[in-house]
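Undergrad: The structure under discussion is supplied below as C-alpha cells; questions concerning it will follow.
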Amino acid sequence: MRMRADPELLADRIEALVAMRPRVLVGIAGAPGAGKSTLAAAVAAALRARRVAVAVVPMDGFHLADVALDALGRRGAKGAVDTFDGAGFAALLARVATGEETVWAPAFDRELEQPIAGSIPVPPEARVVLTEGNYLLLPEKPWNRVRALLDEAWYVDIDGDLRYSRLVERHVRFGKSRAAAEAWVQAVDEPNAARIRPTADRADLVLRGE
Ligand SMILES: Nc1ncnc2c1ncn2[C@@H]1O[C@H](COP(=O)(O)OP(=O)(O)O)[C@@H](O)[C@H]1O
Ligand SMILES: [Mg+2]
C-alpha cells in the first residue's frame, strides 16, 4: 500500500496498534536523504502530543567508530552496509522488544560523524519505539532479524532528484565543500541507495515523501 508521509495519519495508524499490544515497534527504512529521520521525529512529536510515550532509536547509532573503520580500511565507505554493526542493532532491538528494562541506545553525532554510546533511553514506559535507517529491510543476515522484530515497516520513497539535492545540502551543512559533497553522494551514497531500493518490497507501507 502507498500513502502520503503524513505524520498525523501515521500516528493514527500507530495508535491503533498501541491499543492491541503493550509495546509497538515501527521501522522506517529508505535510501540516504529520503527523509527517514525527519519523518520519525515528526511522527514521534505527533504521538507525544497525544500523550503516547515514544522513543526513537536510529540505526545510525550503529555506525562503526572511525577507529574501527580505519582498522578495516573502510573509513572512505562510511554508510555502506558493512560499516555498521548490524548484529548489534538487531540485538538491541530484541532487548527493546521485551520492554523489561531501560535500554540505552547509541546516537550518531553528525558533527563528529561518529556514534556515541548510551545516548538515548528507551524506558519500559515507552509504548512506541520508532527505529529508522537505511538497512532495516535487508533480507540478508544479520539484518533479516530486524524486520522480524518490527510490528510495522515503512519505506520512504521520494523523487530521486529531490533526494539527491537534499543529501548534497546536508553534507554541505555538516562541513563538506559542494564538490566534495557531490563526489561523496555519487561514490558512496548512491550505490547504497541502489542496494536499499529493492527492499521496499518488504515494507507494509510505502510512504511518498514530499
Ligand atoms: N519534508 C521535508 N521538507 C524539506 N526538507 C526535508 C524534508 N524531509 C527531510 N528534509 C531534509 O532533507 C535532508 C534529508 O532528510 P533526513 O531526514 O536527514 O533523511 P534520512 O534520515 O532519510 O537520511 C535533511 O537535510 C532534511 O532536513
Ligand atoms: Mg537519517
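Undergrad: Those residues that are aliphatic (A, V, I, L, M) and part of a helix (DSSP H, G or I), I need them from region 104-149; list them, please.
TA: Scanning region 104-149 gives Val146, Ala148, Leu149.
Undergrad: Related question: For the list (1) of a type in the set (A, V, I, L, M, F, W, C); (2) within 16 Å of ligand 1 (Cβ to nearest atom); (3) surrounded by fewer than 16 Cβ atoms within 10 Å (Cβ to Cβ), I need the number of the one condition that Met59 fails.
TA: Every condition holds for Met59 apart from (3).
Undergrad: Which residues, counting only those in region 33-48, are within 13 Å of Val156 (Cα to Cα) and either assigned to a loop (DSSP other than H, G, I, E, B) or out of contact with any strand residue (DSSP E or B) (no Cβ under 8 Å at 6 or more places or on another chain) (or both)?
TA: Result: Gly33, Ala34, Gly35, Thr38.
Undergrad: Which pairs have Cβ atoms under 8 Å, sit 6 or more apart or on different chains, and link a residue in region 170-183 that is closer than 13 Å to Leu112 by Cα and in a helix (DSSP H, G or I) to one that is open to solvent by 50 Å² or more (accessible area, probe 1.4 Å) and near ligand 1 (Cβ under 10 Å from one of its atoms)?
TA: If the second residue must be open to solvent by 50 Å² or more (accessible area, probe 1.4 Å) and near ligand 1 (Cβ under 10 Å from one of its atoms), no pairs are left.
Undergrad: Moving to a separate point now. What are the residue pairs meeting all of these: first residue in region 55-69, first residue farther than 17 Å from Gly33 by Cα, second residue open to solvent by 30 Å² or more (accessible area, probe 1.4 Å) and within 12 Å of ligand 2 (Cβ to nearest atom), Cβ atoms under 7 Å, and 6 or more apart or on different chains?
TA: Val56/Ala41
Undergrad: Taking interchain pairs and intrachain pairs at least six residues apart, which have beta carbon atoms under 6 angstrom, with the first residue in region 70-95 and over 22 Å from Ala187 (Cα atoms) and the second outside any helix (DSSP H, G or I) and of a type in the set (Val, Ile, Thr)?
TA: Correct list of pairs: Arg95/Val103.
Undergrad: Considering (1) free of Cβ contacts under 8 Å to residues at least 24 places away in the same chain; (2) farther than 21 Å from Leu10 by Cα, say which one Ala148 fails and leave the rest.
TA: All conditions are met except number (2).
Undergrad: Among the listed residues Ala117, Ala180, which satisfies the condition of being away from ligand 1 (no atom under 16 Å from the Cβ), farther than 25 Å from Ile14 by Cβ, touching a His at 6+ places or on another chain (Cβ under 8 Å) and not hydroxyl-bearing (Ser, Thr, Tyr)?
TA: On the way: Ala117 fails: touching a His at 6+ places or on another chain (Cβ under 8 Å).
None of the other options fit; the residue is Ala180.
Residue by residue, here is whether (1) within 16 Å of ligand 1 (Cβ to nearest atom); (2) among the aromatic types (Phe, Trp, Tyr) holds:
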{"position": "Asn134", "(1), (2)": "yes, no"}
{"position": "Trp143", "(1), (2)": "no, yes"}
{"position": "Ala148", "(1), (2)": "no, no"}
{"position": "Ala153", "(1), (2)": "yes, no"}
{"position": "Ile158", "(1), (2)": "yes, no"}
{"position": "Leu167", "(1), (2)": "yes, no"}
{"position": "His171", "(1), (2)": "yes, no"}
{"position": "Trp184", "(1), (2)": "yes, yes"}
{"position": "Asp189", "(1), (2)": "yes, no"}
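Undergrad: Continuing with the same structure: Which condition breaks for Ala94 when tested against (1) surrounded by fewer than 18 Cβ atoms within 10 Å (Cβ to Cβ); (2) farther than 22 Å from Thr83 by Cα; (3) modelled with pLDDT of 95 or more?
TA: With (1) surrounded by fewer than 18 Cβ atoms within 10 Å (Cβ to Cβ); (2) farther than 22 Å from Thr83 by Cα; (3) modelled with pLDDT of 95 or more applied to Ala94, the lone miss is (2).
Undergrad: Select from region 184-210 the residues that are of a type outside the set (D, E, K, R) and in a loop (DSSP other than H, G, I, E, B) and write down the one among them that is farthest from Ala80 (Cα to Cα). Outline the logic, then answer.
TA: Residues of region 184-210 of a type outside the set (D, E, K, R): 184-188, 191-194, 196, 198-200, 203, 205-207, 209.
Subset that is in a loop (DSSP other than H, G, I, E, B): 203, 209.
Numbers: Ala203: 21, Gly209: 23 Å.
Of everything passing the filter in region 184-210, Gly209 is farthest from Ala80 (Cα to Cα).
Undergrad: Spot the failing condition for Arg21; the list is (1) within 18 Å of Ala148 (Cα to Cα); (2) touching a strand residue (DSSP E or B) at 6+ places or on another chain (Cβ under 9 Å); (3) not in a helix (DSSP H, G or I), and only one is missed.
TA: (2)
The values are calculated or read from the model by the stated rules, or taken from the named source; none is laboratory data. Everything quoted here is computed from the prediction, not taken from an experiment. Note that we place each Cβ from the backbone using ideal geometry, even for glycine, and neighbour counts take in every protein chain shown. These area figures cover heavy atoms from the full protein model, side chains too; ligands, DNA and RNA do not enter into them. Shrake-Rupley method; radii C 1.70, N 1.55, O 1.52, S 1.80 Å.
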